[in-house]
Amino acid sequence: MTQEEVLATFRQLASDVETELPGRNEVILELAQLLADSRGRLSKENFEALVRIGSALYKDGHTQFKGKSDVDTIMRRSSENQEGK
């Protein structure tokens, strides 16, 4: 399978409204388990590449969570300030 064929599969699954894709947290947990199970069977290079991919997904998810948390805090403080007037 070529890289373009894999990307086409990604695009298809991402755009298929019939498919319930798991959330980012579930995907990260699934990748972590796959890596844990495959540690001795993957080449060092492949294992490290998948760990980099997982790290990027994790960082992106953490950044998004932090942003949502910050907005929630700002909105809550704004609401409290409006109620205190």
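The values are calculated or read from the model by the stated rules, or taken from the named source; none is laboratory data. Here the structure is a predicted model, which is why all the values come from computation and not from measurement. Note: ideal-geometry Cβ built from the backbone for every residue, glycine included; neighbour counts use all protein chains shown.
Annotation: residue 82 fulfils all but one of (1) surrounded by 10 or more Cβ atoms within 10 Å (Cβ to Cβ); (2) assigned to a helix (DSSP H, G or I); (3) of a type outside the set (Val, Ile, Thr); (4) more than 18 Å from the chain's Cα centre (by Cα); the unmet one is (1). Report yes if some residue within segment 50-67 is more than 20 Å from the chain's Cα centre (by Cα), more than 17 Å from residue 29 (Cβ to Cβ) and of a type outside the set (D, E, K, R); otherwise report no. No - not one qualifying residue is present in segment 50-67.
Any residue in segment 41-50 that is surrounded by 12 or more Cβ atoms within 10 Å (Cβ to Cβ) and touching a residue at least 12 places away in the same chain (Cβ under 8 Å)? Yes, there is a match, as at least one residue in segment 41-50 is surrounded by 12 or more Cβ atoms within 10 Å (Cβ to Cβ) and touching a residue at least 12 places away in the same chain (Cβ under 8 Å).
How many residues does segment 13-46 contain that are polar (S, T, N, Q) and at pLDDT 90 or above? The qualifying residues number 4.
Hey, does segment 60-68 have a residue that's surrounded by 10 or more Cβ atoms within 10 Å (Cβ to Cβ), in a helix (DSSP H, G or I), modelled with pLDDT of 90 or more and of a type in the set (D, E, K, R)?
No, segment 60-68 has no match at all.
Do we find a residue being in a helix (DSSP H, G or I), closer than 22 Å to residue 10 by Cα and of a type in the set (Phe, Trp, Tyr) anywhere in segment 40-48? Checked against the condition, which is being in a helix (DSSP H, G or I), closer than 22 Å to residue 10 by Cα and of a type in the set (Phe, Trp, Tyr), segment 40-48 yields at least one hit.
Evaluating residue 27 against the criteria (1) surrounded by 13 or more Cβ atoms within 10 Å (Cβ to Cβ); (2) in contact with a Ser or Thr (Cβ under 9 Å, 6 or more places away or on another chain) leaves one unmet condition, (2).
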